[in-house]
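A short reminder: the numbers here are calculations on the coordinates, not readings from a lab. All values reported here derive from a predicted model rather than from experimental measurement. Neighbour counts are summed over all protein chains in view; Cβ atoms, including those assigned to glycine, are modelled from backbone coordinates with ideal geometry.
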Amino acid sequence: MAIEAKATLLSEIEHDLSTELTAADSAKVLRVLADRLSRYRLDRLEDNGETSDDLLDAYLSALSVSGRSEKTIKRYEYILGKMRDAVHTPTRQITVYHLRHYLAGEKERGISDRTLEGTRQCFNAYFGWLWRERLIEFNPTANLGAIKYQKKEKDLYSDVDVERMKLGCKSQRDKALVCFLRATGCRISEVTQLNRGDVNFVSLECKVLGKGNKERIVFLDQVAAMNLKMYLDTRKDDDPALFVGKRHNRITPHGVRQMLVKLGERTDVQHVHPHKFRRTTATNLIRRGMPIQEVAKILGHDKLDTTMQYVVLDKTEVKHSYMKYAS
């Protein structure tokens, strides 16, 4: 089998070289290759009937079983499927050079370094899982280093921004939404899934179903609770959703984003979007002394590193803390 495989390989190489080199140069290359190959055992890989799609499907199924959100699974499916189609190579034969070439091509297309780093992390998770499951013989991402990108300082809503947005709301629902997002730091997907029964106005608590179907409790301040109750008192529908749209059915994340964009335009508040509320809430809690472990619990983070990415501390605060603890 080994002799047949080597002969076939040399024949294929000879055919490829004939289009690139002269007959004399091609013969020299083949002699060197034949000499080198004579020192190794070589077998042609047999097709075991398992395709790249099978491996990707197995990985996506593992993500589903582990409780990853449908949105996350779809993102991995898109990124990995796009790469697989581009490299035109069976998964088991993909090397770090294939992945680097693919990422370089994406960079040439104008994809940002931040997005490329997210793509690299997706590759790392996928091939790392395949290697741990012994579905591939080597992990091509083992030497695929992180991609550096410029980290821009993210902005927050000031207290004045929040008051301007509240004054600029055209309905009690919009005002209640702004106050709810500001108080709880919930993801927009979590807010739009909430039902009336999830809110306890006595204890000022709200039961939230977060990523990976993980349930947690978030809290309302007095202002958010008051505005939310005022909004619910205006409702004449029997929809269980906590927030509804104009047609009295559950509001969508897209609907909330559109409302916030228009609100920002009316009030001249810059970059109004749901996630900015989440970042503002996390930062304000940290500034007021809440332990980061508790902030992480409110945000629904498993890792403190993730929570720290939401916290924005200005240079004045850092300098003040330094002078306090260093002297």
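The alpha-carbon atoms of the range 52-132, seen along their principal axes, cover 36, 26, 19 angstrom, with the largest extent given first. In terms of its alpha-carbon gyration tensor, the range 177-327 comes out prolate; a/c meets the 1.5 threshold, and the first ratio a/b outweighs b/c. Sequentially through the range 96-104, phi angles give Karplus couplings (6.51, -1.76, 1.60; θ = phi - 60°) of 4, 5, 4, 5, 5, 5, 5, 5, 5 Hz, Gly and Pro residues having no value and appearing as x. Multiplying the residue separation of Glu294 and Glu163 by 0.36 nm and subtracting their alpha-carbon distance yields 44.5 nm. Between Thr252 and Gln150, what FRET efficiency follows from the Cβ-Cβ distance if R0 is 25 Å, with the result rounded to 0.05? Plugging the Cβ-Cβ distance into 1/(1 + (r/R0)^6) gives 0.15. Backbone amide hydrogens, once placed in the peptide plane, bring Cys186 within less than 5 Å of nothing, excluding anything fewer than 5 places away on its chain.
If Lys and Arg each add +1 and Asp and Glu each add -1, what is the summed charge of the other residues whose beta carbon sits under 10 Å from the beta carbon of Ser189? Spelling it out: positives minus negatives among the neighbours equals +2. For the range 236-243, the Karplus equation 6.51 cos²θ - 1.76 cosθ + 1.60, evaluated at θ = phi - 60°, returns couplings of 10, 8, 10, 5, x, 4, 5, 10 Hz by residue, with Gly and Pro reported as x. One Cα centroid belongs to the range 124-185, the other to the range 228-293; the line between them spans 16 Å.
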